[in-house]
1. Considering all projection directions equally, how large on average is the shadow of the alpha-carbon convex hull of segment 45-88, in square nanometres?
2. Please sort 177-188, 324-335 by packing, taking for each peptide the average over its residues of neighbouring beta carbons within 10 angstrom, highest first.
3. Which value results for Rg/Rh of segment 332-467 when Rg is the Cα radius of gyration and Rh the Kirkwood radius based on the inverse mean 1/r?
4. Please report the antiparallel percentage of the DSSP beta bridges confined to segment 42-200, to the nearest 5.
5. Rounded to the nearest percent, how much of the accessible area of the chain (1.4 Å probe, protein heavy atoms only) is carbon and sulfur?
6. What value, in deg cm²/dmol to 500, does the helix sum -39500 (n - 2.57) over DSSP H runs of n ≥ 4 give at 222 nm once divided by the residues of the chain?
7. What are the radius of gyration and Dmax of segment 149-196, computed over its Cα atoms and given in Å?
8. If you count only protein heavy atoms with a 1.4 Å probe, what accessible area per residue comes out for the chain, rounded to a whole Å²?
Amino acid sequence: MDLLIKNGTIVTATEMYKADIAVDKEKIVNIGCSFNESDFDEVVDASGKLVLPGAIDGHTHLALEFGGTISTDDYYAGTRSAACGGTTTVFDFVNQAEGEKMVDAIKRREAIACNDVAVDYSFHVAVYDISTEELMDSLEESVEYGVPSFKVFMVYDNGVDDGTFFKVLSRAKEIGALVGVHAENKTVNEYLIDKYLKEGKTDAWWHYMAKNERVEGEADTRAVNLAIMADAPLYIAHLADEQGVKAVTEARLKGYPVFAETCPQYLNFTSEVYKRERGRDFVCSPPMKDQASQDAIWEAITNGNITTVATDHCPFLKAEKDWGIVKKDGTPGNFTTIPNGCAGIENMYPYILSEANKGRISFSKAVELCATNPSKLFGLDDQKGAIRVGLDADIVIYDPEKEFTITNDKMHGDTDHTIWEGIELKGYPEATYCRGNLVFKDGEFLGKRGAGKRVKCHKLHFDGPSL
Ligand code: DUC
Ligand code: ZN
Ligand code: ZN
């Protein structure tokens, strides 16, 4: 057999226990004790370490065209960085172009990704155009192709109206798919942008003010109502506000299959960051919100009303963030000319595990949020997301004693700064295996460009809020 990981403490979404893991041909083939070491090509002693499933980042934007540029991390840099933070699968977004069938959109991005990815991957399709029967039917082709998750934007140029959103929800339910949503009120956001710019309010703080708690909260609430009307499951991406948490919690209490994702940036920062000298580096959408929202999100993490944590990884260079001061063409910039997004793909699992290590949540909760729940929600639980016999050997060995201060020079993406600079973590991943292959060890990326594979997700059916 290929690999024995012995003497570690295995963490699952429900328990922690000491056992050894046997890996062969990319799979976990046995979990137990007293294996014969001579049966293995390699034996790793994980004494004093935790042994976790690799994280599944359900929300990334690699090589995304946005705001006149392209996000800094391509599929290689992004997945290299993921591996070094213990993430072994990423779900990247495909933006459907007008008139483009969903599967064609997926294949267009797959062609870019397939030779670059260093960990496993899949997609969600951001649906924009369902104006013909053929485009509507192409939702089902996407499900058959192994991509049963869609997203609609309620804001931005590719934002859809409520009727389109409702149609996508209704069809998704019929074909075994889940619809995610980027929820912000488009027209109020546009009105506030116009108002603030006319008043000469141009810095990053006004990005937050134009997308404030209520701008997101109203859209979250409307999205939940639309899902209930359509009798369809819903996934709210990057939930960042208290009103949204309340809407999700209420729906779940009533038994509706409403799920929410939040991101580490909302758990660690508040809107105060936009007052910093380089507040523009923190510009992402939705923006970080006030302390009350952060408290509500943490509470929902603890009580189970937030189901997953993902990154929304979408980094831009400092010089591009500076377009908020002076645009590319040399004319004065403002908060609308800052490309939206921040790096986080390498920080998610270490940050959440560090919070667990500091006692805020349990290690099992961290695994549930970052690995097991995303695998169930997106249709990968028969392949990934847990330490279980028969699943892919996506494994992280975690050193709970290691002190780690995040600095950009220790990260493995292509970005030149990080909003996480200087944050101190308790514990850090020591090694990452993707399908049994060592991709990260002791601070070094050891994987291979192109070694990741696209995973096919099964159909999704949710009758209630439990997974
Ligand atoms: N939000 C971001 O911050 N970046 C890209 C897309 C998005 O919705
Ligand atoms: Zn979004
Ligand atoms: Zn996003």
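The values are calculated or read from the model by the stated rules, or taken from the named source; none is laboratory data. All values reported here derive from a predicted model rather than from experimental measurement. Cβ coordinates were reconstructed from backbone atoms using ideal geometry, including for glycine residues, and neighbour counts include every protein chain displayed. Keep in mind that these areas ignore ligands, DNA and RNA; they rest on the heavy atoms of the full protein, side chains included. Shrake-Rupley method; radii C 1.70, N 1.55, O 1.52, S 1.80 Å.
1. On the way: hull surface 15.8 nm².
Taking the Cα atoms of segment 45-88, their convex hull projects to 3.9 nm² on average.
2. 177-188, 324-335
3. Details: Rg = 17.1 Å, Rh = 17.0 Å.
Here the Rg-to-Rh quotient is 1.01.
4. That works out to approximately 10 percent antiparallel.
5. Values: 8150 of 17120 Å².
Whole-percent figure for carbon plus sulfur exposure: 48.
6. Counting only the DSSP helices, I get -9000 deg cm²/dmol.
7. When restricted to Cα atoms, segment 149-196 yields Rg and Dmax of 12.8, 43 Å.
8. Averaged over the residues of the chain, the accessible area is 37 Å².
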